[in-house]
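Engineer: Take this structure first; my questions come after.
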Amino acid sequence: MSSVLIKDVVDARERISRAVNETPLIHSTTFSEWSGFEVFLKTENLQKTGSFKIRGASNKILSITPEEGRRGVVTGSSGNHGQAVAYIAAKCGYDATVVMPEGGSQAKAASIKGYGANLVYCGSASSERLAFAEKLRMERGSVFVHPYDDPFVIAGQGTIGLEIMEKLEDASVILAPTGGCGLISGIAIAVKEKNPAVKIFGVEPAGSNSTGLSFKNGRRTALDKIVTVADGIRTTIPGELTFPLVQKYVDGMIEVSDDEILYAQRMILERCKLLTEPTGAVALAAVLSGALAGFVKGGKAVVILSGGNVAMPQLGEYLIRSAANA
Ligand SMILES: *Cc1c(COP(=O)(O)O)cnc(C)c1O
């Protein structure tokens, strides 16, 4: 499997059906009135392990042989993918090792340990962690579960696209946050093959805009500095496998500020009673900031709320910071 086809996404849906939730697609009257779009929220913050990452991780880990599984699985992740790998590996009875960034989220680390995985700390850049995870893989013969640059992971994330199209086949636009781009490329494959008229936009923080920059340059372009509150998408460069899919299927990239992200996070909580982490509110920020209206004129906008893992004391800080700016 060199690239990913709609068939792979359909297979993924079957493979992971008992491991993941089909999350609700919720219409928001408030956000619709504010934005001029009919806004629908795809609530992956309510997904098992608190983010969509369980879809890709399950599709990968449920596709390996028991023989491979006995040598364990390993990954390098800033948190949500690590939790997903730890959870599904434990369900399968496989040993899991997760390489975490130094100074990463306490809540995420505690949850990974809670699922029974081994935690190893290394560096703060995603490239350092991936290299360290690769070394462990070589030493132990474990299966490496990449957070985005793997056909099975991409196909797993794409199952979100199938669920959206079943509920809302006449969606006008779908917005997803982008880090390594497994989420958006999987969704784009599933959706564009079903209905090419649906527009797909990626959203990223202005201080972590490697996908937008790469999109504009027509080639993968790395950032040397990342500053954003959205800790789930501090990625220096889009994936080798995912970026060509972004170029093929994605209609455009939108930037939002940290203040817009925290405002969106606060509004989701206040108005919809839904808890997201900052990264989980990035796509909604593009709607509420008015940025989307610069690209698309009205219609049904599906916003991916990609995750809800945030430590409560940190949530308090985010809410205070956002309210102070209001
Ligand atoms: C991983 C993650 C993303 C970005 O997904 P990619 O496949 O890396 O683009 C977005 N939101 C949350 C909450 C995540 O954990």
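The values are calculated or read from the model by the stated rules, or taken from the named source; none is laboratory data. Note that the structure is predicted; figures quoted are calculated from it, not measured. A quick note on method: Cβ atoms are made from the backbone with ideal geometry, for glycine too, and the neighbour counts reach across all protein chains shown. The protein model used for the area step is the full one, side chains on, heavy atoms only, and it has no ligands, DNA or RNA in it. Shrake-Rupley method; radii C 1.70, N 1.55, O 1.52, S 1.80 Å.
Engineer: Yes or no: Ile16 hydrophobic (A, V, I, L, M, F, W, C), closer than 19 Å to Ile187 by Cβ and either at pLDDT below 95 or touching a Ser or Thr at 6+ places or on another chain (Cβ under 7 Å) (or both)?
Structural biologist: In short, yes.
Engineer: Sort out which residues of the stretch 214-241 are buried (at least 18 other Cβ atoms within 10 Å of the Cβ), under 25 Å from Ser289 (Cβ atoms) and either of a type outside the set (Val, Ile, Thr) or within 10 Å of the ligand (Cβ to nearest atom) (or both), and write them in order of number.
Structural biologist: Ser214, Phe215, Ala230, Asp231, Gly232, Ile233, Arg234, Thr235, Pro238
Engineer: What number of residues in the stretch 81-103 are open to solvent by 10 Å² or more (accessible area, probe 1.4 Å), in contact with a helix residue (DSSP H, G or I) (Cβ under 8 Å, 6 or more places away or on another chain) and either outside any loop (DSSP other than H, G, I, E, B) or of a type outside the set (Phe, Trp, Tyr) (or both)?
Structural biologist: 5
Engineer: Is it true that some residue in the stretch 124-136 is within 12 Å of the ligand (Cβ to nearest atom), within 16 Å of Thr75 (Cβ to Cβ), assigned by TED's automatic domain parsing to the domain that holds Pro66 and not acidic (Asp, Glu)?
Structural biologist: Within the stretch 124-136, one or more residues are within 12 Å of the ligand (Cβ to nearest atom), within 16 Å of Thr75 (Cβ to Cβ), assigned by TED's automatic domain parsing to the domain that holds Pro66 and not acidic (Asp, Glu).
Engineer: Just to be sure before I move on: is Ala155 over 18 Å from Ile54 (Cβ atoms) and either of a type in the set (Gly, Ala, Ser) or touching a His at 6+ places or on another chain (Cβ under 9 Å) (or both) in the structure I sent?
Structural biologist: When the stated conditions are applied, Ala155 does not pass them.
Engineer: Tell me the residue from Ala110, Ala90 that is out of contact with any Asp or Glu (no Cβ under 7 Å at 6 or more places or on another chain), more than 28 Å from Ile187 (Cβ to Cβ), away from the ligand (no atom under 16 Å from the Cβ) and not assigned by TED's automatic domain parsing to the domain that holds Ile160, please.
Structural biologist: Only one candidate passes the filter, namely Ala110.
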